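Heads up: the structure comes next, in structure tokens.
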Amino acid sequence: MKTHTLSSKDVKQFGLKSIIANQILRKYSKNKTIKRVNHVNLTIPNQGVRVDKEKREIYMPSLKLTLNYNFRNDFEKINQIELDGQYAHLTYSPR
């Protein structure tokens with residue numbers, strides 16, 4: 001976090017997809033006192049999420065990851081998914 005800019009070219013050496021790199025930069029680069037980030041929760045915005053309500057699956061193409069869900073199927077869309085080491089935290093818009 002040397003430059004504190006919002007450019008994905010600052011993190012291209014990590015080989016991240018731009019959708020993930022941009023979310024990390026938005027989350028951490030505005031903090032001017034931060035020197036090092038040890039643990040990052042990945043945030044996937046709604047543009048990076050595909051939902052199949054019939055199969056009850058959420059697919060994130062940027063991570064090549066599919067999540068099966070077992071909660072109510074009456075939501076309009078998923079706004080974002082934040083992934084940590086064990087859990088997927090979803091925010092969604094109800095109908």
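Every number in this text was worked out from the coordinates using simple rules, so none of it is lab data. Quick caveat: nothing in here was measured; it's all calculated off a predicted structure. Backbone-built Cβ (ideal geometry, glycine too); neighbour counts: all protein chains shown.
In sequence order, what are the phi-derived ³J(HN,Hα) couplings for region 53-61 according to the Karplus relation 6.51 cos²θ - 1.76 cosθ + 1.60 with θ = phi - 60°, rounded to whole Hz, with x for glycine and proline?
For region 53-61, the Karplus curve yields 5, 5, 7, 6, 10, 10, 10, 10, x Hz.
For region 73-85, what does the Karplus curve 6.51 cos²θ - 1.76 cosθ + 1.60, with θ = phi - 60°, yield as ³J(HN,Hα) per residue in whole Hz, taken in order and with x for Gly and Pro?
Using θ = phi - 60°, the values come out as 9, 9, 9, 7, 7, 8, 7, 6, 10, 10, 10, 10, x Hz.
For region 14-30, in order, what is each residue's ³J(HN,Hα) by Karplus, 6.51 cos²θ - 1.76 cosθ + 1.60 with θ = phi - 60°, in whole Hz (x at glycine and Pro)?
Once rounded to whole Hz, the list reads 8, x, 7, 5, 4, 5, 7, 4, 5, 5, 5, 5, 4, 6, 10, 7, 6.
For Q80, what residues show an amide H to amide H distance below 5 Å, using hydrogens built from the backbone and excluding near sequence neighbours?
Amide H neighbours of Q80: T91.
Where the only charges are on Cβ atoms (+1 Lys, Arg; -1 Asp, Glu), what is the dipole of region 41-95 about its Cα centre, to the nearest 20 debye?
140 debye
Using a 10 angstrom cutoff on alpha carbons, build the Gaussian network for the chain and name the most mobile of T33, T66, T43.
T33
What number, rounded to the nearest 500 deg cm²/dmol, is the helix-based mean residue ellipticity at 222 nm of the chain, given -39500 (n - 2.57) per DSSP H run of at least four residues and division by all its residues?
-3500 deg cm²/dmol
Dipole magnitude of the chain about its Cα centre, charges +1 at Lys/Arg Cβ and -1 at Asp/Glu Cβ only, in debye to the nearest 20?
Roughly 480 debye for the chain.
Could you tell me the center-to-center distance, by alpha carbons, between region 67-84 and region 20-60 in angstrom?
14 Å
Cβ under 15 Å from S93's Cβ, S93 left aside: what net charge do those residues give with Lys, Arg +1 and Asp, Glu -1? Before the final figure, lay out the partial values.
Details: positive: K53, R72, K77, R95; negative: D74, E76.
Around S93, the surrounding residues sum to +2.
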